[in-house]
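Read-outs throughout are calculated quantities, based only on the coordinates presented, and are distinct from any laboratory measurement. Not measured: the values here are computed from a predicted model. Cβ placement follows ideal geometry from the backbone for every residue including glycine, while neighbour counts extend to all protein chains displayed.
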Amino acid sequence: MPVFSYTFRDNSGAVQKGTAEADSEELLRQRFDEQGMQILEVEMMRAKRGKARSYGKVKLGKLALFCRQFSTMVDAGVSLVRCLDVLGQQTDDPRLRKILADISERVEGGESLSRAMQRHPKTFSNLFIGLVRAGEVGGVLEEALQRLSHFLEKDVELRRKIRAAVTYPVIVLLLAVGIVLFLVSYIIPQFIAVFKDLGIKDFPAATQLLIDISNFITTKWYYLIGGLVLFLIIWKAFVSTQFGRRVADRVKLKIPVFGKLHHKICLARFSRTLGTLLTSGVPILQAMETVAGTVGNHIIADAVLEARARIREGDRIGDPLERSRQFPPMVVHMISVGEESGSLDFMLQKIADFYEGEVEATLASLTAALEPILIVTLGFIVLFIVIAMFMPLVDAIQNLSAGDALQS
């Protein structure tokens with residue numbers, strides 16, 4: 001793909017220069033026209049090209065720190081190549097170091113920063129690329145990087161809260177499963193041996209059920225492993241299809257309790273992403289397309305893309321979102337008010353703050369409720385096993401006592 005050097009007039013009327021990759025000069029001019037800017041001069045230039053190697057994925061926390069440091073250096077007037085070299089040397093992440101070295105080489109060869117980052121899709125998402133491109137075109141790269149670092153830090157914080165909330169219940173659940181498996185696979189066989197020595201053949205229904213489960217787990221455990229592996233393979237193949245992904249995402253929204261939590265997380269991500277893009281000057285149509293790919297649920301993403309199509313035809317953003325029934329009335333109303341007042345980006349950030357708070361409160365209440373439920377459930381299971389195993393012994397002791405009484 002050819003690289004063009006261009007001079008353009010931004011929204012404020014100032015003349016700026018830059019470089020970018022495009023299939024043709026006409027497409028480059030069209031890209032700027034869509035953003036309300038005019039290209040004054042265009043010249044094709046040679047650029048070092050080649051396919052970037054894949055270095056893997058970089059953690060969001062590392063990217064957030066990189067963006068904040070990058071923004072500070074750009075704001076101080078340091079050249080892009082120099083910034084990338086310095087940040088690459090000081091980072092402790094070997095993947096990010098290699099990626100920054102590759103980007104620095106390409107930028108020095110004439111590629112735009114956004115295009116060089118686009119060659120590493122596992123590290124830089126469409127949101128990341130869109131904000132950087134908007135910053136390049138508008139001549140406010142440092143502001144775009146600052147907003148991007150703030151967005152990534154918010155995302156990292158939300159993920160950390162979710163992990164912290166589910167860690168303890170998951171540990172309790174794993175311990176419960178481990179204890180039950182130990183009782184069923186080790187303790188119950190010991191009781192079965194005792195029953196055989198006592199000559200007990202008729203068991204209560206509960207005891208017989210546990211004996212059957214124990215025999216199955218100890219002698220045919222490979223069926224469980226094979227069934228689990230087969231289920232995971234089939235499920236992965238199913239959700240890899242477009243139909244399967246939609247079914248899975250619809251189920252996520254319908255699951256009791258957890259479905260509402262997932263919905264709130266998606267709404268928070270939608271609002272935060274769209275608000276950040278609009279604040280950075282990304283056109284609404286391009287921003288909606290980017291949001292659809294990052295919202296985290298295909299059902300909600302379809303609603304966003306449908307709203308984008310209606311906006312292209314001249315509709316307001318709130319109406320198609322309301323018709324999708326995936327956005328609560330409060331969200332639709334605040335978006336409509338923001339659109340009417342010209343402060344849509346501000347309203348979206350407020351919505352994101354609200355739903356992130358809702359997610360935190362929901363996680364706290366779920367954690368507080370799940371802990372005692374899991375502990376009580378484990379207690380009932382252990383109590384059931386103990387009672388079921390001692391019932392035959394009680395019956396045997398009673399029979400022996402009755403026999404001794406008859407003999408006497």
Next item on the list: Go through 247-258, 284-295 and give me the packing order, highest mean Cβ count within 10 Å leading.
Entry: 284-295, 247-258
Item checked: Vicinal HN-Hα couplings computed from phi for the range 198-210 (Karplus, 6.51 cos²θ - 1.76 cosθ + 1.60; Hz; Gly/Pro x) -> 7, x, 7, 10, 9, 10, x, 4, 5, 5, 5, 4, 5
Next item on the list: For a quick protection proxy, order the peptides 366-372, 342-348 by their average other-Cβ count within 10 Å, most packed first.
Entry: 342-348, 366-372
Check: Whole-Hz Karplus ³J(HN,Hα) for the range 315-332, in order, using 6.51 cos²θ - 1.76 cosθ + 1.60 and θ = phi - 60°, x for Gly and Pro?
Finding: 6, 7, 6, x, 5, x, 5, 5, 5, 5, 6, 9, 10, x, x, 4, 5, 4
Next item on the list: For a quick protection proxy, order the peptides 312-320, 105-113, 119-127 by their average other-Cβ count within 10 Å, most packed first.
Entry: 105-113, 119-127, 312-320
Margin query: I want to verify a result. In a Gaussian network model of the chain, Cα cutoff 10 Å, which of these has the top mean-square fluctuation: 327, 216, 354?
Written below: 216
Check: Rounded if a/c is under 1.5, else prolate if a/b beats b/c, else oblate: with a ≥ b ≥ c from the C-alpha gyration tensor eigenvalues square-rooted, which is the range 289-333?
Finding: oblate
Check: Per residue, how much space in cubic angstrom lies within the convex hull of the C-alpha atoms of the chain?
Finding: 191 Å³
Margin query: Counting other beta carbons within 10 Å of each residue's own, what order do 304, 180 fall into, fewest first?
Written below: 180, 304
Item checked: Cα gyration tensor shape of the range 261-356, rounded if a/c is under 1.5, else prolate or oblate by comparing a/b with b/c -> rounded
Notebook entry, point to check: Using unit Cβ charges (K, R positive; D, E negative) and no other charged atoms, how large, in debye to the nearest 20, is the dipole of the chain about its Cα centre?
Noted result: 860 debye
Next item on the list: With a point put 7 Å past each Cα toward its Cβ, work out how far residue 166 is from residue 14 in nm, to one decimal.
Entry: 4.5 nm
Margin query: Running a GNM on the chain with Cα contacts under 10 Å, which residue among 204, 283, 169 ends up with the highest mean-square fluctuation?
Written below: 204
Check: Rounded if a/c is under 1.5, else prolate if a/b is larger than b/c, else oblate: which is the range 171-329, with a ≥ b ≥ c the root eigenvalues of its Cα gyration tensor?
Finding: prolate
Check: Roughly speaking, what is the stretch gain from residue 315 to residue 367, that is 0.36 nm per residue apart minus the C-alpha to C-alpha distance, in nm to one decimal?
Finding: 14.5 nm
Notebook entry, point to check: Do the sum for the chain: with -39,500 (n - 2.57) for every DSSP H run of n ≥ 4, divided by all residues, what is the mean residue ellipticity at 222 nm, to the nearest 500 deg cm²/dmol?
Noted result: -25000 deg cm²/dmol
Next item on the list: Anything over 21 Å Cα to Cα? Flag those among 57/98; 62/260; 154/350, in the order listed.
Entry: 62/260
Check: Of 226, 305, 273, which is farthest on the positive side of the dipole of the chain, counting Cα position, with +1 on Lys and Arg Cβ, -1 on Asp and Glu Cβ, and the Cα centre as origin?
Finding: 226
Item checked: Estimated dipole of the range 261-356 in Debye, rounded to 20 [Cβ of Lys and Arg +1, of Asp and Glu -1, Cα centre] -> 180 debye
Note to self: Once R0 is set to 51 Å, what does the formula 1/(1 + (r/R0)^6) return for the Cβ-Cβ distance between residue 386 and residue 337, expressed as a FRET efficiency to the nearest 0.05?
What the structure shows: 0.25
Margin query: Taking the alpha-carbon distance from residue 254 and a cut-off under 23 Å, which lysines remain once sequence neighbours fewer than 8 residues away in the same chain are dropped?
Written below: 161, 236, 264
Notebook entry, point to check: So which residue, out of 40, 363, 261, gets the largest mean-square fluctuation from a GNM of the chain using Cα contacts under 10 Å as springs?
Noted result: 40
Check: Could you give the length gained on full extension between residue 221 and residue 360, defined as 0.36 nm per residue of separation minus the Cα-Cα distance, in nm?
Finding: 46.1 nm
Note to self: Roughly how far apart, in whole Å, are the Cα centres of the range 129-178 and the range 71-101?
What the structure shows: 21 Å
Item checked: Exposure proxy ranking, count of Cβ atoms within 10 Å, fewest first, for 359, 282, 332 -> 332, 359, 282
